[in-house]
Amino acid sequence: MRHDDVGGGRASRARRARSARATRTLLATLLVMASPAAGCRSYAPVTPGDGNAGRVVRVRLTPDGGSALASTIGPRGTALEGTLVTADDSTVTMDVRAVTREGGDDERWPAERLRVARRGVAGVDVVRTSVKRSALLAGGVVAGLLLLRAALGGSESVVRVPGGGSGGGR
């Protein structure tokens, strides 16, 4: 009788267990990595002066608008995100919290109040947070972490008993 046949194919069961663990690890990793792609925020176009003061908005800049603000926000600015303060026919005033640059990189901004000439504004979008997407994202992250823990064998707990161990006598 072969050694790996002893006990009903222990080696085969061990290989299957390792394969299942590797599959769970891969799935958990993919789930955790894909969750942020679900996104919790969306943008909807609005007219700035229609009672939107106090709302969180994204102001998309024209190339000329980005150039006009370059001395304040830095080069290659394409959008500003923050709280809309006022908007009229000539300017949009907002408390800026983030600047988006060419290529999509977002940069946090220290809540500075900026006035943007309307001719430099390509559009204004209200920022909406999706409760459903946020809940799904949170659930996906938790499920992924639990799968990862199970795949790595984290379900076993270690309890230390005072006075126990291999220290022997005193």
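Points to keep in mind about this one:
- Taken over segment 96-123, the criterion of being more than 11 Å from Gly66 (Cβ to Cβ) and either touching a residue at least 60 places away in the same chain (Cβ under 8 Å) or hydrophobic (A, V, I, L, M, F, W, C) (or both) is satisfied by Val96, Ala98, Trp109, Ala111, Leu114, Ala117, Gly123.
- Criterion violated by Val116 - all others in (1) closer than 21 Å to Tyr43 by Cα; (2) surrounded by 10 or more Cβ atoms within 10 Å (Cβ to Cβ); (3) at pLDDT below 90 satisfied: (3)
- Residue match in segment 44-51 (condition: surrounded by fewer than 21 Cβ atoms within 10 Å (Cβ to Cβ), under 14 Å from Asp125 (Cα atoms) and at pLDDT 95 or above): no
- Any chance Thr78 is among the polar types (S, T, N, Q), more than 30 Å from Val141 (Cα to Cα) and at pLDDT below 95: no
The values are calculated or read from the model by the stated rules, or taken from the named source; none is laboratory data. These figures come from a predicted structure and were not determined experimentally. Glycine also receives a Cβ, built like all others from the backbone with ideal geometry; neighbour counts cover every protein chain displayed.
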